[in-house]
Each structure stands twice: as structure tokens, then as C-alpha cells.
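Written below as C-alpha cells is the structure these notes are about.
A short reminder: the numbers here are calculations on the coordinates, not readings from a lab. Bear in mind that the values here come from a model prediction, so they are computed numbers and not experimental data. Cβ: placed from backbone, ideal geometry, glycine included. Neighbour counts: every protein chain shown.
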Amino acid sequence: GESVGLHLPTLSVQEGDNSIINCAYSNSASDYFIWYKQESGKGPQFIIDIRSNMDKRQGQRVTVLLNKTVKHLSLQIAATQPGDSAVYFCAEEVNEKLTFGTGTRLTIIP
Amino acid sequence: DAGITQSPRHKVTETGTPVTLRCHQTENHRYMYWYRQDPGHGLRLIHYSYGVKDTDKGEVSDGYSVSRSKTEDFLLTLESATSSQTSVYFCAISEGTNNEQFFGPGTRLTVL
């Protein structure tokens, strides 16, 4: 089956700077995408989602961009804080099922 | 954790023994899912349910069975545990397609 991938397994960012986490997907039938945050020892936590009829969606300090032409998804976190340190997963939905990428570990440098 | 509990949270068992993990929700969501999470693989779907007594297989269903006799409970059974089933298991719930899934706290299972 098709899978979701991430360009970088780790990302270190200075506190206060903006972070961008990228995700590539290959299934053109995917119509719904989600970003999750997972802290050590906890379950994934929903951050933001976007449907395929949109190319941008904003939340509190987070923005998701969807480029269907190149099958690319990104998560932007503004003014990163120590609490943003975690593993971030993108997921795509096809036929009621989510397929997850392996994740990017974001480390915030004080 | 959006009204989702998993039990037990930790379990150590021996190869060949049966194991049942329970997921309980208080949100009355129609869909429930079982995933396993392993290093290098991310989250992989084992089985899911789209209603009481309605279940379907996921990507890695071999060696696992599920049951859903009521809306709030979704059970995952390993009939005869193997060391390859050592993993962290997550339950998730959802209102359906194009809706976010909410995850439980996870169960760490070790099969010796």
C-alpha cells in the first residue's frame, strides 16, 4: 500500500524561532490529512487537520499547508516553545483508514 | 485523552499465552481503532470497528482478533502471544471519515 513519508527524521530549532515540518504523501486519493504531536510516554495528540479542498489552514500558532500538485504537506509552528518538543506525525486518510508517517522529532534549543 | 481509557497500561507475558487489551470510551463515537507503534514503523493499524459487531482488518492484523459488543468497548486479543507482538498498543476513536482520531494513553506489552 501507499505510505506517508517525512523528509527529515530530526529537527532542532532555537526557542522563539519558527519550525517547519514537512511530509510527502503518495496516494492521490487521500482527501483528509492530520498532524499529530506525541510526547514521550503519551498517545498522539491531534494538532490540526486539513481537507483536500483547502490549501491552508491556521490554528493557534500552527499552520498546515497542503500542496496537492506535488503531494506535500507541511506543519508550521510559530514562536516555538520548550513544550513543543515532541515527535510530530502526519497522517493521510484513504477509505476510512489513516496511514501515518514515521515521525519527525522536534527539539527546541533554549 | 478525549474520554478514552486503556487497560492494562503495562503487561508482561510469556510466549504462547492469550492476552486481551481493552479500550473504553465515553464519547459515544462510532469508530474505534487499534494500532501498534514500533520504532521505525510509526503507527500501524491492526483492526478497526465502524459499529457494534462491525469490524475490519487493518495493515497488520495477523495474530490479532477484535470484538465490539457495545459502543463503548473495543477489545483486542492476541490468541497466542509471540515476541514479535511486543509493542505499544494505542486505541483511537473517531466520529467517522474526515474526522480526527483521538488516541488513548497506550498499553505497553512485553512478550518474553
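Taking the range B:26-49 as the range and being in contact (Cβ under 8 Å) with a residue 24 or more places away in the chain and facing another protein chain (nearest Cβ under 7 Å) as the test, only B:43 passes.
Restricting the search to the range B:55-81, which residues are touching a residue at least 24 places away in the same chain (Cβ under 8 Å) and under 28 Å from residue A:40 (Cα atoms)? Passing the criteria: B:58, B:60, B:64, B:66, B:72, B:73, B:74, B:75, B:76, B:77, B:78, B:81.
Applying the selection to the range A:52-104, what residues are touching a Ser or Thr at 6+ places or on another chain (Cβ under 7 Å), of a type in the set (Val, Ile, Thr) and facing chain B (nearest Cβ under 9 Å)? Across the range A:52-104, the qualifying residue is only A:99. Restricting B:52, B:88, B:19, B:12 to residues that are touching a residue at least 12 places away in the same chain (Cβ under 8 Å), touching a helix residue (DSSP H, G or I) at 6+ places or on another chain (Cβ under 9 Å) and either more than 17 Å from residue A:91 (Cα to Cα) or crowded, with 20+ Cβ neighbours inside 10 Å (or both) narrows the list to B:19. The set of residues in the range A:36-51 being part of a strand (DSSP E or B), closer than 26 Å to residue B:9 by Cβ and more than 10 Å from chain B (Cβ to nearest Cβ) consists of A:37 alone. Scanning the range B:2-45 for residues that are assigned to a loop (DSSP other than H, G, I, E, B) and in contact with a Phe, Trp or Tyr (Cβ under 7 Å, 6 or more places away or on another chain) returns B:2, B:30.
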